[in-house]
Each structure stands twice: as C-alpha cells, then as structure tokens.
Amino acid sequence: MPSILAHGHQGRAVGDVVEDLVGARQVAALGRTLADGGHPLEIAADAQVRAHDEGMTDRDDFLTWVTTALYEAELALHNGDASPRRALWSRNEPVSVLGAWRNAFGQQELDGLFTELGRSFSDCTSYVFELKAYGVSDDMAYTAGLEHTSASVDGEPRTYTLRVTQVYRREEGEWRVAHRHGDAVTG
C-alpha cells in the first residue's frame, strides 16, 4: 500500500496517490490532471469534497487530511515556517516528540522545538512522504513512513531520510498530532 507524496519531483507518483485517495473515476470527473497543469493538492482537495459527499469513511477522511493539510504543514516547516505544523498539533496533553535531533514533552517544550526547527530549515527543494502503513480506530490514528528531504539546515544543504511514526487524536471533529517519533535511516 505504499503511497508517495512529493514536492520537487515530476511524475506519476502524486497522481497515483490522488487516485488511491478518491478513485480514478472521481479524478477523471474533475477534468483536471497533472498533465494539464493541475496541482496534485488542488486535485486531491476537489476530489475530497466530491468523495465526502458520496460517503467517504473515517479512514478515507484521515488519509485525505494526511495527504493534504499534514503534508502541506511539513513542507512549510522545511521551508522555515513552523506555524502550519504547530496549528495541526494538539493543544491537549499529553503531546510528545522523540525527534531525530531533539525531544520535547508537553506544550512548552513542543513550542520551543517547533520554533527552533522553523529557524533551522529553509530552501526545501524536495520533500517526499512515503506512507508505509496507517490505521484509524474511532478517534485515534497512526501513520508510519519515510520522509525523504532535501533542504538547508542552518544554511547548509542536506539530504536525509527519516523513519517516522506519528499518533493522532480527533479533537472536536479535527485530526491533531499528539506524538511523533523520528529517527535517521542509515546505511
């Protein structure tokens, strides 16, 4: 079930994700494709609205959120803007990050971590989230995947891959990140 979301890469992978999310029939009905310049996130958002009206499941809704709002927030972070990421994180305890570079426990530490990351990252030339597994059960969900990133860290261009697992809670009808564990893939 691998799905790939990509920024900075041309190709069919993003279109495949949109089709996986909402089905080829619905993508075709949009009248826009990647080939004629449709942006994959716009296509997914349009398809999300149509598919929701046709009875999407909680699992479908969650995956759509991951591949749009969450993906966009991570891309913004890697370009130096941490505010979209922070907006998607829970304001309820407990929250935690077991990060590749730094850990955070609780709201205050989380705010400090995201501020620091926003200052550190810039000039993202490529961000690919390779979703390996996910699940939804009532108001809890998780994702596991690989984040392939090329961005400047403290002004130095870097390319790296993180193995990432995140846990989510649905709060007042909206998905929020509650925990992230990430570590570098070596070898």
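The values are calculated or read from the model by the stated rules, or taken from the named source; none is laboratory data. Computed from a predicted structure; not experimentally measured. Every residue, glycine as well, gets a Cβ built from its backbone with ideal geometry; the counts of neighbours run over all protein chains shown.
Observations on the model:
- Any hit, the range 141-152, residues being at pLDDT below 95, under 23 Å from Thr64 (Cα atoms) and surrounded by fewer than 18 Cβ atoms within 10 Å (Cβ to Cβ): no
- Scan of the range 92-111 for residues that are more than 23 Å from Ser150 (Cα to Cα) and either free of Cβ contacts under 8 Å to residues at least 60 places away in the same chain or out of contact with any helix residue (DSSP H, G or I) (no Cβ under 6 Å at 6 or more places or on another chain) (or both), ordered by number: Asn92, Glu93, Pro94, Ser96, Ala104, Phe105, Gly106, Gln107, Gln108, Glu109, Leu110, Asp111
- Some residue of the range 157-179 being out of contact with any strand residue (DSSP E or B) (no Cβ under 8 Å at 6 or more places or on another chain), within 19 Å of Ser120 (Cβ to Cβ), modelled with pLDDT of 95 or more and not basic (Lys, Arg): no
- When restricted to residues that are assigned to a helix (DSSP H, G or I) and touching a Ser or Thr at 6+ places or on another chain (Cβ under 9 Å), the range 110-123 contains 4.
- Any hit, the range 121-140, residues being surrounded by 14 or more Cβ atoms within 10 Å (Cβ to Cβ), in contact with a Phe, Trp or Tyr (Cβ under 9 Å, 6 or more places away or on another chain) and over 19 Å from Val185 (Cα atoms): yes
- Filtered residue count, the range 98-112, keeping only those that are closer than 22 Å to Thr159 by Cβ and either among the small types (Gly, Ala, Ser) or at pLDDT 95 or above (or both): 2
- Scanning the range 85-109 for residues that are in a strand (DSSP E or B) and surrounded by 17 or more Cβ atoms within 10 Å (Cβ to Cβ) yields Trp89, Ser96, Val97, Ala104.
- Of all residues in the range 68-117, those satisfying the criterion of being over 17 Å from the mean Cα position of the chain (by Cα) and of a type in the set (Phe, Trp, Tyr) are Trp101, Phe105.
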